[in-house]
Amino acid sequence: MDDEFAKLVRRVNQPRVVIDNNACEDATVIQVDSVNKHGILLEVVQVLTDMNLTITKAYISSDGGWFMDVFNVVDNDGNKIRDKEVMDYIQSSVLQRIETSAGFVPSRRGSVGVMPAEEHTSIELAGTDRPGLLSEVCAVLADLHCNVVNAEIWTHNARAAAVVHVTDDSMSCAISDPKRLSMIKELLCNVLKGSDDLKTAKTTLSAPGVMHRERRLHQIMFADRDYERVEKAGVRAVEEGSSRPQVTLLNIEKDYTVVTMRSKDRPKLLFDIVCTLTDMQYVVFHGMVNTGRIEAYQEFYIRHVDGLPISSEAERVRVIQCLEAAIERRASEGLELELCTDDRLGLLSDITRIFRENSLCIRRALISTKGGKAKDTFYVTDVTGNPVDPKIIDSIRAQIGHTALQVKCNSSLAPKLPHQETTMGHFFGNLFKARTFQNFKLIRSYS
(Lines give C-alpha, C1' and ligand atoms only; values in the text may rest on other atoms or scores of the structure.)
Protein backbone atom coordinates (compact mmCIF):
# COMPACT_ATOMS: atom_id res chain seq x y z
CA MET A 1 0.00 0.00 0.00
CA ASP A 2 2.83 2.38 0.87
CA ASP A 3 4.50 1.75 -2.52
CA GLU A 4 1.23 2.29 -4.39
CA PHE A 5 0.58 5.52 -2.50
CA ALA A 6 4.11 6.75 -3.28
CA LYS A 7 3.56 5.99 -6.97
CA LEU A 8 0.28 7.92 -6.89
CA VAL A 9 1.97 10.93 -5.29
CA ARG A 10 4.66 10.89 -7.97
CA ARG A 11 2.12 10.68 -10.80
CA VAL A 12 0.06 13.55 -9.44
CA ASN A 13 3.04 15.74 -8.62
CA GLN A 14 5.27 15.60 -11.67
CA PRO A 15 8.72 17.24 -11.31
CA ARG A 16 9.18 20.68 -12.76
CA VAL A 17 12.17 22.83 -13.71
CA VAL A 18 11.70 26.56 -14.36
CA ILE A 19 14.53 28.68 -15.80
CA ASP A 20 14.16 32.44 -15.38
CA ASN A 21 16.46 35.19 -16.63
CA ASN A 22 14.32 38.04 -15.29
CA ALA A 23 14.20 37.24 -11.57
CA CYS A 24 17.83 38.20 -10.90
CA GLU A 25 19.94 40.98 -12.37
CA ASP A 26 23.25 39.09 -12.62
CA ALA A 27 22.38 35.38 -12.75
CA THR A 28 20.00 32.86 -14.29
CA VAL A 29 17.58 31.46 -11.71
CA ILE A 30 16.75 27.75 -11.89
CA GLN A 31 13.84 26.53 -9.74
CA VAL A 32 13.39 22.80 -9.18
CA ASP A 33 10.19 21.36 -7.74
CA SER A 34 9.72 17.62 -7.13
CA VAL A 35 8.74 14.83 -4.78
CA ASN A 36 11.74 14.40 -2.50
CA LYS A 37 14.02 11.38 -2.28
CA HIS A 38 17.44 10.98 -0.71
CA GLY A 39 20.07 11.87 -3.32
CA ILE A 40 17.95 14.14 -5.54
CA LEU A 41 19.82 17.27 -4.41
CA LEU A 42 23.12 15.67 -5.45
CA GLU A 43 21.69 14.66 -8.84
CA VAL A 44 20.54 18.22 -9.59
CA VAL A 45 23.79 19.84 -8.43
CA GLN A 46 25.75 17.27 -10.45
CA VAL A 47 23.93 18.21 -13.67
CA LEU A 48 24.67 21.91 -13.15
CA THR A 49 28.35 21.40 -12.29
CA ASP A 50 28.90 18.92 -15.14
CA MET A 51 27.79 21.70 -17.48
CA ASN A 52 30.48 23.96 -15.96
CA LEU A 53 27.89 26.29 -14.49
CA THR A 54 28.86 28.25 -11.39
CA ILE A 55 26.28 28.27 -8.58
CA THR A 56 26.51 31.71 -6.98
CA LYS A 57 23.54 31.35 -4.63
CA ALA A 58 21.21 28.54 -3.65
CA TYR A 59 18.18 28.07 -1.40
CA ILE A 60 17.34 24.48 -0.49
CA SER A 61 14.20 23.10 1.13
CA SER A 62 13.13 19.45 1.23
CA ASP A 63 11.01 19.14 4.37
CA GLY A 64 7.67 17.35 4.31
CA GLY A 65 8.54 15.02 1.44
CA TRP A 66 8.79 17.83 -1.12
CA PHE A 67 11.95 19.08 -2.83
CA MET A 68 11.97 22.81 -3.67
CA ASP A 69 15.32 24.37 -4.57
CA VAL A 70 16.41 27.60 -6.22
CA PHE A 71 19.85 27.99 -7.84
CA ASN A 72 21.40 31.18 -9.20
CA VAL A 73 23.90 30.18 -11.89
CA VAL A 74 26.29 31.82 -14.36
CA ASP A 75 28.56 30.46 -17.10
CA ASN A 76 32.38 30.36 -17.05
CA ASP A 77 32.51 34.03 -18.03
CA GLY A 78 30.16 35.07 -15.22
CA ASN A 79 27.23 35.72 -17.56
CA LYS A 80 23.62 34.58 -17.57
CA ILE A 81 22.62 31.52 -19.59
CA ARG A 82 20.83 32.95 -22.62
CA ASP A 83 21.33 30.24 -25.26
CA LYS A 84 17.94 28.56 -25.79
CA GLU A 85 19.49 25.20 -26.62
CA VAL A 86 21.59 25.25 -23.46
CA MET A 87 18.57 26.21 -21.34
CA ASP A 88 16.51 23.39 -22.87
CA TYR A 89 19.35 20.95 -22.23
CA ILE A 90 19.60 22.02 -18.57
CA GLN A 91 15.85 21.58 -18.13
CA SER A 92 15.69 18.16 -19.80
CA SER A 93 18.82 16.87 -18.03
CA VAL A 94 17.63 17.92 -14.58
CA LEU A 95 14.19 16.41 -15.21
CA GLN A 96 15.70 13.17 -16.44
CA ARG A 97 17.92 12.87 -13.34
CA ILE A 98 15.02 13.63 -11.02
CA GLU A 99 12.69 11.15 -12.72
CA THR A 100 15.31 8.40 -12.60
CA SER A 101 16.33 9.12 -9.00
CA ALA A 102 12.78 9.47 -7.68
CA GLY A 103 11.50 6.39 -9.50
CA PHE A 104 9.37 8.05 -12.20
CA VAL A 105 11.16 5.93 -14.83
CA PRO A 106 13.29 2.79 -14.50
CA SER A 107 16.99 3.40 -13.94
CA ARG A 108 19.38 2.43 -16.75
CA ARG A 109 22.52 3.31 -14.81
CA GLY A 110 25.18 0.66 -15.14
CA SER A 111 23.30 -1.27 -17.81
CA VAL A 112 24.59 -2.07 -21.29
CA GLY A 113 24.03 0.98 -23.47
CA VAL A 114 24.69 3.68 -20.89
CA MET A 115 28.38 3.39 -21.66
CA PRO A 116 29.36 0.33 -23.76
CA ALA A 117 31.81 -1.99 -22.01
CA GLU A 118 33.85 -2.08 -25.25
CA GLU A 119 34.72 1.60 -24.91
CA HIS A 120 37.43 1.49 -22.23
CA THR A 121 38.61 -0.19 -19.05
CA SER A 122 38.28 1.77 -15.81
CA ILE A 123 41.14 1.58 -13.27
CA GLU A 124 40.78 2.93 -9.74
CA LEU A 125 43.92 3.60 -7.70
CA ALA A 126 44.50 4.53 -4.06
CA GLY A 127 47.72 4.75 -2.08
CA THR A 128 50.24 6.95 -0.32
CA ASP A 129 51.23 10.03 -2.33
CA ARG A 130 54.89 10.61 -3.12
CA PRO A 131 56.89 12.58 -5.73
CA GLY A 132 56.94 10.80 -9.09
CA LEU A 133 54.03 8.44 -8.32
CA LEU A 134 51.96 9.43 -11.36
CA SER A 135 55.04 9.14 -13.56
CA GLU A 136 55.59 5.56 -12.40
CA VAL A 137 51.93 4.65 -12.94
CA CYS A 138 51.96 6.11 -16.46
CA ALA A 139 55.21 4.31 -17.30
CA VAL A 140 53.69 0.96 -16.31
CA LEU A 141 50.58 1.61 -18.41
CA ALA A 142 52.68 2.64 -21.43
CA ASP A 143 54.87 -0.48 -21.12
CA LEU A 144 51.71 -2.62 -21.08
CA HIS A 145 50.44 -0.84 -24.24
CA CYS A 146 47.54 0.80 -22.38
CA ASN A 147 46.53 4.15 -23.83
CA VAL A 148 45.15 6.62 -21.27
CA VAL A 149 42.07 8.22 -22.85
CA ASN A 150 41.01 10.21 -19.78
CA ALA A 151 41.82 10.31 -16.09
CA GLU A 152 41.51 12.39 -12.96
CA ILE A 153 44.03 12.33 -10.13
CA TRP A 154 43.60 13.90 -6.68
CA THR A 155 46.03 14.12 -3.77
CA HIS A 156 45.18 15.15 -0.23
CA ASN A 157 46.78 14.73 3.16
CA ALA A 158 49.55 12.44 1.88
CA ARG A 159 47.06 10.20 0.07
CA ALA A 160 46.51 9.83 -3.68
CA ALA A 161 43.50 8.59 -5.64
CA ALA A 162 42.88 8.24 -9.36
CA VAL A 163 40.26 7.03 -11.79
CA VAL A 164 41.93 6.18 -15.11
CA HIS A 165 40.20 5.05 -18.33
CA VAL A 166 42.45 3.08 -20.68
CA THR A 167 42.12 1.29 -23.99
CA ASP A 168 44.18 -1.35 -25.74
CA ASP A 169 46.62 0.60 -27.91
CA SER A 170 46.34 -1.69 -30.92
CA MET A 171 42.53 -2.05 -30.94
CA SER A 172 41.37 1.21 -29.29
CA CYS A 173 38.84 -0.66 -27.13
CA ALA A 174 38.53 -1.99 -23.60
CA ILE A 175 41.00 -4.62 -22.45
CA SER A 176 39.23 -7.95 -21.98
CA ASP A 177 41.99 -10.54 -21.61
CA PRO A 178 41.84 -11.75 -17.94
CA LYS A 179 45.57 -12.52 -17.79
CA ARG A 180 46.49 -9.08 -19.07
CA LEU A 181 44.07 -7.41 -16.66
CA SER A 182 45.58 -9.40 -13.80
CA MET A 183 49.09 -8.30 -14.81
CA ILE A 184 48.01 -4.63 -15.00
CA LYS A 185 46.52 -4.85 -11.52
CA GLU A 186 49.56 -6.61 -10.04
CA LEU A 187 52.12 -4.19 -11.50
CA LEU A 188 50.13 -1.09 -10.51
CA CYS A 189 49.73 -2.45 -6.98
CA ASN A 190 53.50 -2.85 -6.76
CA VAL A 191 53.98 0.77 -7.84
CA LEU A 192 51.43 2.06 -5.35
CA LYS A 193 52.85 0.09 -2.43
CA GLY A 194 56.36 1.51 -2.82
CA SER A 195 57.58 2.30 0.68
CA ASP A 196 54.03 2.46 2.02
CA ASP A 197 54.15 0.86 5.45
CA LEU A 198 51.07 2.60 6.86
CA LYS A 199 48.18 1.64 4.59
CA THR A 200 47.49 -0.92 1.91
CA ALA A 201 47.56 0.31 -1.68
CA LYS A 202 44.50 -0.56 -3.76
CA THR A 203 43.96 -1.14 -7.46
CA THR A 204 40.51 -1.94 -8.85
CA LEU A 205 39.54 -2.70 -12.44
CA SER A 206 35.88 -2.24 -13.27
CA ALA A 207 33.41 -1.84 -16.10
CA PRO A 208 32.71 1.77 -17.17
CA GLY A 209 29.50 3.68 -16.68
CA VAL A 210 28.82 2.65 -13.09
CA MET A 211 29.60 5.83 -11.17
CA HIS A 212 30.20 9.54 -11.75
CA ARG A 213 34.01 9.87 -11.82
CA GLU A 214 34.35 12.77 -9.40
CA ARG A 215 31.91 11.25 -6.95
CA ARG A 216 33.90 8.02 -7.15
CA LEU A 217 37.11 9.91 -6.31
CA HIS A 218 35.45 11.32 -3.19
CA GLN A 219 34.39 7.81 -2.21
CA ILE A 220 37.87 6.36 -2.79
CA MET A 221 39.55 9.01 -0.66
CA PHE A 222 36.87 8.77 2.01
CA ALA A 223 37.36 4.98 2.19
CA ASP A 224 41.11 5.61 2.42
CA ARG A 225 40.42 7.90 5.42
CA ASP A 226 42.26 10.87 3.93
CA TYR A 227 40.31 13.10 6.32
CA GLU A 228 42.52 11.90 9.19
CA ARG A 229 45.40 14.35 9.36
CA VAL A 230 48.89 12.90 9.61
CA GLU A 231 52.28 14.52 9.97
CA LYS A 232 55.00 12.80 7.94
CA ALA A 233 58.55 13.75 7.09
CA GLY A 234 58.73 15.47 3.73
CA VAL A 235 55.08 16.53 3.76
CA ARG A 236 54.48 20.22 4.23
CA ALA A 237 52.43 20.93 7.33
CA VAL A 238 49.48 23.25 7.08
CA GLU A 239 50.78 26.74 7.66
CA GLU A 240 49.50 28.82 10.51
CA GLY A 241 47.09 31.44 9.24
CA SER A 242 46.50 29.66 5.94
CA SER A 243 43.04 29.80 4.45
CA ARG A 244 41.80 26.39 5.57
CA PRO A 245 38.03 25.90 5.47
CA GLN A 246 36.06 26.68 8.61
CA VAL A 247 33.38 24.11 9.46
CA THR A 248 31.16 24.29 12.53
CA LEU A 249 28.27 22.11 13.74
CA LEU A 250 25.47 23.04 16.11
CA ASN A 251 22.34 21.15 17.19
CA ILE A 252 19.21 23.32 17.38
CA GLU A 253 15.45 23.04 17.79
CA LYS A 254 13.45 20.56 15.69
CA ASP A 255 16.31 18.08 15.97
CA TYR A 256 18.44 19.50 13.16
CA THR A 257 22.20 19.76 13.11
CA VAL A 258 23.24 23.06 11.53
CA VAL A 259 26.43 22.83 9.47
CA THR A 260 28.10 26.11 8.54
CA MET A 261 31.07 26.25 6.16
CA ARG A 262 33.23 29.16 5.13
CA SER A 263 36.02 28.70 2.59
CA LYS A 264 37.56 30.06 -0.57
CA ASP A 265 35.08 29.91 -3.41
CA ARG A 266 35.92 27.67 -6.36
CA PRO A 267 34.13 25.71 -9.09
CA LYS A 268 32.18 22.59 -8.00
CA LEU A 269 32.44 23.43 -4.30
CA LEU A 270 28.73 22.79 -3.64
CA PHE A 271 28.90 19.46 -5.49
CA ASP A 272 31.83 18.29 -3.36
CA ILE A 273 30.03 19.14 -0.11
CA VAL A 274 26.65 17.67 -1.09
CA CYS A 275 28.38 14.57 -2.47
CA THR A 276 30.13 13.98 0.86
CA LEU A 277 27.01 14.54 2.97
CA THR A 278 25.00 12.20 0.72
CA ASP A 279 27.59 9.42 0.80
CA MET A 280 27.84 9.78 4.59
CA GLN A 281 24.05 9.19 4.68
CA TYR A 282 23.02 12.68 5.78
CA VAL A 283 19.98 14.46 4.38
CA VAL A 284 19.91 18.23 3.73
CA PHE A 285 16.48 19.52 4.77
CA HIS A 286 17.21 23.23 4.41
CA GLY A 287 20.21 25.13 3.13
CA MET A 288 21.62 28.38 1.89
CA VAL A 289 24.66 29.05 -0.32
CA ASN A 290 26.11 32.50 -0.85
CA THR A 291 29.34 33.24 -2.74
CA GLY A 292 31.34 36.43 -3.01
CA ARG A 293 34.35 37.48 -5.02
CA ILE A 294 36.69 35.35 -2.91
CA GLU A 295 34.80 33.30 -0.35
CA ALA A 296 31.77 31.05 -0.12
CA TYR A 297 29.43 30.69 2.85
CA GLN A 298 27.17 27.64 3.14
CA GLU A 299 24.69 26.66 5.81
CA PHE A 300 22.79 23.36 5.90
CA TYR A 301 20.20 21.91 8.27
CA ILE A 302 20.85 18.18 8.24
CA ARG A 303 19.85 14.88 9.82
CA HIS A 304 21.09 11.36 9.35
CA VAL A 305 18.90 9.15 7.12
CA ASP A 306 17.60 7.52 10.32
CA GLY A 307 15.99 10.89 11.18
CA LEU A 308 18.38 11.82 13.99
CA PRO A 309 20.76 14.76 14.27
CA ILE A 310 24.44 14.31 15.09
CA SER A 311 24.42 12.98 18.63
CA SER A 312 28.01 12.30 19.74
CA GLU A 313 31.27 14.20 19.88
CA ALA A 314 33.04 11.51 17.84
CA GLU A 315 30.43 11.83 15.06
CA ARG A 316 30.64 15.61 15.17
CA VAL A 317 34.44 15.57 14.78
CA ARG A 318 34.25 13.02 11.96
CA VAL A 319 31.71 15.07 9.99
CA ILE A 320 33.82 18.21 10.37
CA GLN A 321 36.95 16.37 9.22
CA CYS A 322 35.17 14.83 6.23
CA LEU A 323 33.70 18.14 5.07
CA GLU A 324 37.08 19.86 5.42
CA ALA A 325 38.60 17.09 3.31
CA ALA A 326 35.83 17.39 0.69
CA ILE A 327 36.54 21.12 0.34
CA GLU A 328 40.32 20.68 0.21
CA ARG A 329 40.64 17.69 -2.18
CA ARG A 330 39.86 19.68 -5.30
CA ALA A 331 41.45 22.93 -4.15
CA SER A 332 43.79 24.02 -6.96
CA GLU A 333 47.07 23.97 -5.10
CA GLY A 334 50.14 25.12 -7.01
CA LEU A 335 50.88 26.26 -10.53
CA GLU A 336 48.37 25.34 -13.24
CA LEU A 337 49.93 23.97 -16.44
CA GLU A 338 47.90 23.10 -19.53
CA LEU A 339 49.16 20.68 -22.17
CA CYS A 340 47.57 20.70 -25.64
CA THR A 341 49.19 18.49 -28.28
CA ASP A 342 48.69 15.46 -30.52
CA ASP A 343 47.90 12.33 -28.54
CA ARG A 344 50.05 9.19 -28.77
CA LEU A 345 50.87 6.12 -26.72
CA GLY A 346 53.26 7.03 -23.91
CA LEU A 347 52.65 10.79 -24.11
CA LEU A 348 51.50 11.02 -20.50
CA SER A 349 54.41 8.85 -19.37
CA ASP A 350 56.89 11.17 -21.12
CA ILE A 351 55.33 14.36 -19.75
CA THR A 352 55.14 13.13 -16.15
CA ARG A 353 58.73 11.79 -16.40
CA ILE A 354 59.95 15.27 -17.38
CA PHE A 355 58.05 16.73 -14.43
CA ARG A 356 59.62 14.17 -12.09
CA GLU A 357 63.15 14.75 -13.41
CA ASN A 358 62.70 18.47 -12.72
CA SER A 359 61.51 17.82 -9.13
CA LEU A 360 57.88 18.81 -9.78
CA CYS A 361 55.16 17.23 -7.66
CA ILE A 362 51.73 16.79 -9.28
CA ARG A 363 49.03 17.72 -6.76
CA ARG A 364 46.06 17.25 -9.06
CA ALA A 365 45.60 16.38 -12.73
CA LEU A 366 42.80 16.16 -15.28
CA ILE A 367 43.59 14.13 -18.41
CA SER A 368 41.38 14.11 -21.52
CA THR A 369 41.67 13.15 -25.19
CA LYS A 370 39.37 13.90 -28.09
CA GLY A 371 39.79 13.60 -31.83
CA GLY A 372 43.43 12.59 -31.58
CA LYS A 373 44.28 15.58 -29.38
CA ALA A 374 45.36 15.51 -25.74
CA LYS A 375 44.28 18.28 -23.40
CA ASP A 376 45.71 17.80 -19.91
CA THR A 377 45.76 20.08 -16.88
CA PHE A 378 48.30 19.70 -14.07
CA TYR A 379 48.59 21.51 -10.75
CA VAL A 380 52.21 21.34 -9.61
CA THR A 381 54.49 22.41 -6.74
CA ASP A 382 58.04 21.54 -5.85
CA VAL A 383 58.61 18.39 -3.75
CA THR A 384 58.28 20.36 -0.50
CA GLY A 385 54.93 21.84 -1.51
CA ASN A 386 56.31 25.31 -2.26
CA PRO A 387 55.89 27.32 -5.49
CA VAL A 388 57.95 26.15 -8.47
CA ASP A 389 60.97 28.18 -9.57
CA PRO A 390 60.00 29.99 -12.84
CA LYS A 391 63.37 28.99 -14.36
CA ILE A 392 62.43 25.32 -13.95
CA ILE A 393 59.10 25.92 -15.72
CA ASP A 394 60.94 27.67 -18.59
CA SER A 395 63.27 24.67 -18.89
CA ILE A 396 60.36 22.21 -18.94
CA ARG A 397 58.48 24.22 -21.55
CA ALA A 398 61.62 24.26 -23.70
CA GLN A 399 61.74 20.44 -23.55
CA ILE A 400 58.03 19.89 -24.23
CA GLY A 401 57.37 22.89 -26.48
CA HIS A 402 56.32 26.40 -25.53
CA THR A 403 53.14 26.23 -27.60
CA ALA A 404 52.18 22.78 -26.24
CA LEU A 405 52.64 23.59 -22.53
CA GLN A 406 51.11 26.81 -21.25
CA VAL A 407 51.20 28.36 -17.78
CA LYS A 408 47.61 29.17 -16.83
CA CYS A 409 47.44 30.27 -13.20
CA ASN A 410 49.38 30.25 -9.94
CA SER A 411 46.95 29.53 -7.10
CA SER A 412 49.62 30.28 -4.48
CA LEU A 413 49.25 33.96 -5.40
CA ALA A 414 45.50 33.94 -4.78
CA PRO A 415 44.28 36.26 -2.02
CA LYS A 416 43.82 34.75 1.43
CA LEU A 417 40.55 34.79 3.29
CA PRO A 418 40.36 37.36 6.08
CA HIS A 419 40.63 35.82 9.53
CA GLN A 420 37.43 36.07 11.51
CA GLU A 421 35.21 33.89 13.61
CA THR A 422 32.26 32.16 11.98
CA THR A 423 29.43 33.77 13.92
CA MET A 424 26.92 34.30 11.13
CA GLY A 425 25.00 31.05 11.52
CA HIS A 426 21.84 32.31 13.19
CA PHE A 427 21.73 35.45 11.04
CA PHE A 428 21.92 33.45 7.82
CA GLY A 429 19.60 30.86 9.32
CA ASN A 430 16.90 33.46 9.91
CA LEU A 431 17.51 35.02 6.51
CA PHE A 432 17.30 31.57 4.91
CA LYS A 433 14.01 30.74 6.62
CA ALA A 434 12.48 33.95 5.35
CA ARG A 435 13.75 33.42 1.80
CA THR A 436 12.68 29.78 1.80
CA PHE A 437 9.13 30.73 2.74
CA GLN A 438 9.05 33.28 -0.07
CA ASN A 439 10.44 30.75 -2.56
CA PHE A 440 7.87 28.20 -1.40
CA LYS A 441 5.04 30.60 -2.16
CA LEU A 442 6.62 31.56 -5.48
CA ILE A 443 7.04 27.97 -6.66
CA ARG A 444 3.66 26.76 -5.53
CA SER A 445 1.97 29.72 -7.19
CA TYR A 446 2.86 28.15 -10.54
CA SER A 447 0.65 25.14 -9.74
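The values are calculated or read from the model by the stated rules, or taken from the named source; none is laboratory data. Bear in mind the structure is a predicted one, so any value in this text is a computation, not a measurement. We place every Cβ from the backbone using ideal geometry, glycine too, and count neighbours over all the protein chains shown. Ligands, DNA and RNA are excluded from the accessible area calculation, which covers all protein heavy atoms including side chains. Shrake-Rupley method; radii C 1.70, N 1.55, O 1.52, S 1.80 Å.
Things to note:
- Most to least accessible of Lys375, Lys268, Lys370 (protein chains only, probe 1.4 Å): Lys370, Lys375, Lys268
- Gap separating the Cα centres of the stretch 115-188 and the stretch 32-77, nearest whole Å: 33 Å
- Calculated FRET efficiency for the pair Ala398/Asp306, C-beta based, R₀ 41 Å, to 0.05: 0.10
- Cα-based shape type of the stretch 1-101, given that a ≥ b ≥ c are square roots of the gyration tensor eigenvalues and the cut on a/c is 1.5: prolate
- Gyration tensor (alpha-carbon) shape descriptor, the stretch 246-329, a/c threshold 1.5: prolate
- What the Cβ-Cβ distance of Thr341 and Cys409 gives, at R0 = 25 Å and to the nearest 0.05, is a FRET efficiency of 0.80.
- The residue list Leu95, Ile30, Leu48 was ranked by how far each Cα lies along the charge dipole of the stretch 1-101 toward its positive end, using unit charges on Cβ atoms, and Leu95 comes out on top.
- Potential lengthening between Lys57 and Glu119 on full extension [0.36 nm per residue; Cα-Cα distance subtracted]: 18.6 nm
- Three-way shape label, the stretch 290-382, alpha-carbon gyration tensor, a/c 1.5: prolate
- Residues of the stretch 345-373 with an amide N closer than 17 Å to a point placed 7 Å from the Cα of Lys391 along the Cα-to-Cβ direction: 358-360.
- Separation between Cα centres of the stretch 346-389 and the stretch 258-309, rounded to whole Å: 31 Å
- Mean Cα-pair separation over length for the stretch 246-329, i.e. relative contact order, pairs under 8 Å, 6 or more apart, %: 35 percent
- Unit charges on C-beta of K, R, D, E only; dipole of the stretch 1-101, Debye: 180 debye
- Cα-Cα over 28 Å, subset of Lys373/Lys408; Lys185/Lys268; Lys179/Lys202; Lys80/Lys268; Lys202/Lys391; Lys80/Lys373: Lys185/Lys268; Lys202/Lys391; Lys80/Lys373
- Accessible-area value, Glu336, 1.4 Å probe, nucleic acids and ligands omitted, Å²: 40 Å²
- Nearest-20 debye value, the stretch 246-329 charge dipole, Cβ charges on Lys, Arg, Asp, Glu: 280 debye
- The label point for Gln96 and the one for Leu205, both projected 7 Å from the Cα toward the Cβ, are 3.1 nm apart.
- Note on Glu315 and Ser182: the model spin-label points, each 7 Å out from Cα along the C-beta direction, lie 4.5 nm apart.
- Sequence of Ser61, Ser170, Ser395 from largest to smallest accessible area, 1.4 Å probe: Ser170, Ser395, Ser61
- Those aspartates and glutamates that a straight Cα-Cα span of less than 15 Å connects to Lys193, excepting residues fewer than 8 apart in one chain: Glu124, Asp129, Glu136, Asp224
- Rolled with a 1.4 Å probe across the full set of protein chains, the surface gives Met51 an accessible area near 50 Å².
- When nucleic acids and ligands are ignored and a 1.4 Å probe is applied, Lys37 ends up with an accessible area of around 100 Å².
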